Structures are given as C-alpha cells and as structure tokens.
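**Q** Have a look at the structure that comes next, please.
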Ligand code: 6LW
C-alpha cells in the first residue's frame, strides 16, 4: 500500500458521503489500525468493490472480491439490479471472510476468503442451506459460526464448507408493522449479542433498528429508542438512511457506516448517484448505541483524520490491467475489452448488441459527484461507439461516433430516439458529458440536474449537441438498486479509446 500522509497535515476533505456514488450496503471491519469496507455491485463485473481506510473517512479502492470469471458468473440476460447483493465482510481467525448473495438465477449465497483483502480472494464456497439474502457471519466464543439473513432468521454454518446445520429459526423482525426487516449484522459487545437490522424498505422509509440478547440466537429485546437511525419524514439532505454496520476504533469509540441518498430537484426529489456510503459516530447509553447526527462536514470528528489518497480521475490506459474502479456489464471478456491490443488505448469490441442490450460492451466508472465532466478521446474508424451515462439499459444517454458521424441517443424506458446528429470528418473525437448544477428551485418540476452531450473541438471549445433532463437517469424514474455509471462502449465493430478523463465539478 502507498504510504499514508502524516495525520497532522490539514484535512480539508472530510465529508459525507465517505464513499460517494453507487456504493450501497456497506459492510466494514477493522484489523489493527486498518479498516476495510465492501459494497454491493449488482450486474457489474468485477463484483464487490473493496476499500481501505485508516480513519473511516477517506477510503481507497484496493480491489474487488469477485474479479475472476470463475468466481462470478452473471448471466448475459440477467436483469439490472439483480446479481451481487449486500456482502458482509469480517476478519476472523487471521483471515478475511466475505459472504454475499448472487441473486442471478441458479446462484445463491457464496463465501470467499483472503489473507489480504486486496486479493487474491478464493474461489467461492456455496452455501445452499442459507435461507435468504443479506447474509451475515458471526462467530461465538467456541468458534461456532452463525449466519443470519433478511427476514430475520439464522442458521448454523460451517463457512469453510458452506454446510448448514439444523433448521433456520426466526430471530426478530424489527418494529411493529415495519416492512422489509433485512441487512442483519450480529455482534458480541460486552455481555450481550446485538442484532442490528434495517427496516422500512430501502426507500424514504428506511431505518436502522437494534435488539440485544444473551445468546447469538436470542431471545432479543428491542432497543426502546428504535429506530436508532432514520430520516423518514424529515427534510434532511440525506434520505433513505439504513442498511448499516458497526465498527469499533482502536481507542474504543464506535462508528456506523450506512447507506443514504441525496435527492435533488423539486418534488418528489430524484437521486441520481445511487445509494452512497455515509458515516456517523456512535456512543453508548445504558447499553444501547446512540447514532450521532449525520453531517455532511465530518471535520469535527473526534479522532485524527488523514488526508485521502489522491484520486486518479484520468486513465491513459497505459497499464495491461484495468484499474479496479472500472466496471463492465455482466462480465468482461478480454476479447471484448482490453488494453493489450493497442498499447495505450482501451479497445472495446462490440458483441453485436447495442448499448440497450444487457450484455452491451460497456466499461465505466461510477458518477461520484453531483456535477462532473467526463471526456474521452475515441477512434471510431473501425466501428461505432462512444461515451454513455447510464442508470440501466433502459435509462441512458450516449454520444456515439462512427467514422463519418456523431449522434446523441437518448433511451428512456421503451422510448429510444436520436436527439442530435452531426456529420464530422473521420478521426479521433473528444466526446464530452457534462452534468450541470440543477436549475434554481422555482417549481415542483425542477429536475435534479441536466446532462449536456457534445464534442470538444481541436481548439478546446465545447460544441453542445444536446442537453437532456437528468431526472430520467434517476432511481426514482428507473427503479432498481444501482446509480449512474459513466463510460465507454462499442455498439458496432471495434472502437479504441486513447484516454478517459473524469473531472469532479462540485464545490
Ligand atoms: C439489500 C437490502 C437493501 O439486499 O437493498 O437497503 C438490497 N437494503 O438489504 C439491495 O441492495
């Protein structure tokens, strides 16, 4: 790992979300002074991004747990927002353990292990007897492993073999009437076992509740202050708060990571970056955790912060392997996506499918800032492709180049239309997607942002071809569990990309 900055340097970037952009269902663990965190990845490959931090605020991606096709098979026709859901990451007995659900057809719960969370991770061990999604692993004093899933129920598991023992039994289903008790995590803290869950669904009603018992299997007594975290019915800028995990710092203090969204625009509010990972301090009162205020500015946290790693927003594709933050749709075969064919370029070869197909050849990165600009230099002489911003197959905008033409294509639900076309000479083009700030909130229909697509001229000026309302690339319109991803694609033939540049434009 690169050396960390000295903690006494001034930290100006301590902000929530600590992992902006589509990084839902965070699970965190600590080993010594190091924290590790994993998130869901759904239809994208590689699966389960993994991050490292020394202060819980600044995170650096160190890999992906499922980065080999033998570990992760996502069917080519799998719907968006299926695939990899809600991991639990734990360190036990000198090893990292990660359990996660692949909801793609014919799959189920799988466990991978590693000595180093940066990888390599093992091949999966399947656990067919685990009865649901959102699996958690917890070990009691005698080494017995308990796997707890959404619902909330529990079964004894041998995580080395995936074998389960006995019949799953129901533990607790959260507050009276609350829907979707899920995302359980079980911890031994002091004399109690604490069962942390999410409830209310992953939308505006989301919340976190906790119960405690004397044994890992209960009975559990709910916390009188439940839900211990929710922003339902408030005007807090961070909404849908839930799906949490607790972690203790070396000094004995506690923190919670959880997912939340930042809706923008008029009513009902649209969130476009997906569910992001946030952090809040936790204190204990009368044996129950109390979650501190969720603030956007984290510089007042009572522990020493280290400046974050310098983020690499530009890729010149000089390396033979893609960085771990690049994600592709439902798999990534070298014959369709490689930096080895034309050194210094990313080569994408279309599969015969257009960008609207689930197995389109697309490689992108998460949009992590409310305002940003993405540019790429494309050589379309042998095919047709370009730059796209997508929520899923049915909700995306793209600027696409062929040898003679550039066009902007918008797909919203079952409507697909070419909104602009321009004849241009053959040769490399810079395609530019800019997400602007939202217009002033003068009415209930103000969208979250606007997306401009156009060409960068040789003198650096931007020629806009189309500007489109960003709300159609939001979760409130498209549904699902992911967020926006921006990247390059090939729609026909072979398309080469010399570089990709992502510029954050938030204040
Ligand atoms: C996940 C569930 C949830 O399995 O959303 O917000 C589901 N929580 O716990 C998909 O991320």
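**Q** What FRET efficiency would be calculated for the residue pair residue 118, residue 371, taking the C-beta separation as r and a Förster radius of 45 Å, to the nearest 0.05?
**A** Working: r = 31 Å, r/R0 = 0.70.
E(calc), rounded to 0.05, equals 0.90.
**Q** Separate question: So what is the 222 nm mean residue ellipticity for the chain from helices alone, if each DSSP H run of at least 4 adds -39500 (n - 2.57) and you divide by all residues, rounding to the nearest 500 deg cm²/dmol? Can you show the working numbers first?
**A** Working: 1 runs with 4 residues, N = 507.
That calculation yields 0 deg cm²/dmol at 222 nm.
**Q** Additional query: Mind checking the full-extension length gain between residue 299 and residue 232? Use 0.36 nm per residue of separation minus the Cα-Cα distance, one decimal, nm.
**A** Working: separation 67, 0.36 × 67 = 24.12 nm, distance 2.55 nm.
Result for the pair: 21.6 nm of gain on full extension.
**Q** Efficiency by 1/(1 + (r/R0)^6): what FRET value for residue 342 and residue 416, r their Cβ-Cβ distance, R0 = 25 Å, to the nearest 0.05? Provide the component values of the computation, followed by the final result.
**A** Details: r = 31 Å, r/R0 = 1.22.
The calculated FRET efficiency here is 0.25.
**Q** Related question: Give me the extension gain from residue 76 to residue 445: residue separation times 0.36 nm, minus the current Cα-Cα distance, reported in nm with one decimal. Display every interim value, and only then the final one.
**A** Details: separation 369, 0.36 × 369 = 132.84 nm, distance 3.66 nm.
Contour length minus Cα-Cα distance gives 129.2 nm.
**Q** Give me the distance in nm between label points sitting 7 Å out from Cα along the Cα-to-Cβ direction at residue 214 and residue 456, one decimal.
**A** About 6.7 nm, to one decimal.
**Q** Run the numbers for residue 141 and residue 167: contour at 0.36 nm per residue of separation, minus the present Cα-Cα distance, in nm. Please list the in-between numbers first.
**A** Values: separation 26, 0.36 × 26 = 9.36 nm, distance 2.16 nm.
Extra length from residue 141 to residue 167 when fully extended: 7.2 nm.
**Q** Ordered by packing density, taken as the mean number of other Cβ atoms within 10 Å over each peptide's residues, highest first, how do 166-176, 183-193 rank? Could the numbers behind the result be given before it?
**A** On the way: 166-176: 15.5, 183-193: 18.8.
Put in order of decreasing packing, that is 183-193, 166-176.
**Q** Same structure again: Using a/c under 1.5 as the rounded threshold, could you call the stretch 463-507 rounded, prolate or oblate? The axes a ≥ b ≥ c are square roots of the C-alpha gyration tensor eigenvalues, and prolate needs a/b larger than b/c, oblate otherwise. Walk me through the numbers before you get to the answer.
**A** On the way: a/c = 1.73, a/b = 1.38, b/c = 1.26.
Taking the square roots of the gyration eigenvalues as a ≥ b ≥ c, the stretch 463-507 is prolate.
**Q** I would also like to ask the following. What shape does the stretch 105-230 have by the C-alpha gyration tensor, where a ≥ b ≥ c are the square roots of the eigenvalues, rounded means a/c under 1.5, and otherwise prolate means a/b greater than b/c and oblate the rest? Mind showing how you got there, number by number?
**A** Working: a/c = 1.76, a/b = 1.46, b/c = 1.21.
Taking the square roots of the gyration eigenvalues as a ≥ b ≥ c, the stretch 105-230 is prolate.
**Q** For labels at residue 251 and residue 319 in the simple 7 Å Cα→Cβ model, what's the distance in nm?
**A** With each label placed 7 Å out from Cα toward Cβ, I get 3.3 nm.
**Q** Please work out the FRET efficiency for the pair residue 405 and residue 351, using the Cβ-Cβ distance as r and a Förster radius of 22 Å; give the result to the nearest 0.05. The partial results should precede the final answer.
**A** Values: r = 22 Å, r/R0 = 0.99.
Once rounded, the FRET efficiency stands at 0.50.
**Q** Please report the spacing between the Cα centers of the stretch 480-507 and the stretch 323-339 in Å, no decimals.
**A** 12 Å
**Q** How far apart, in nm, are two points set 7 Å out from the Cα along the Cα-to-Cβ line at residue 203 and at residue 464?
**A** So the two model labels end up 3.3 nm from each other.
**Q** Going by average Cβ neighbours within 10 Å, how do the peptides 88-94, 481-487, 143-149, 218-224 rank, with the highest at the top?
**A** Working: 88-94: 17.0, 481-487: 24.6, 143-149: 20.1, 218-224: 15.1.
Most protected by this proxy first, the peptides run 481-487, 143-149, 88-94, 218-224.
**Q** Also, I was wondering about something else. First check a/c for the chain, with a ≥ b ≥ c the square roots of the eigenvalues of its C-alpha gyration tensor; if it is under 1.5, answer rounded, and if not, answer prolate when a/b is larger than b/c or oblate otherwise. If you can, show how the numbers build up before the last one.
**A** On the way: a/c = 1.82, a/b = 1.59, b/c = 1.14.
Prolate is the answer for the chain, as a/c is 1.5 or above and a/b outweighs b/c.
Bear in mind these aren't lab numbers, they're just calculated from the coordinates by the rules spelled out. Here the structure is a predicted model, which is why all the values come from computation and not from measurement. Cβ coordinates were reconstructed from backbone atoms using ideal geometry, including for glycine residues, and neighbour counts include every protein chain displayed.
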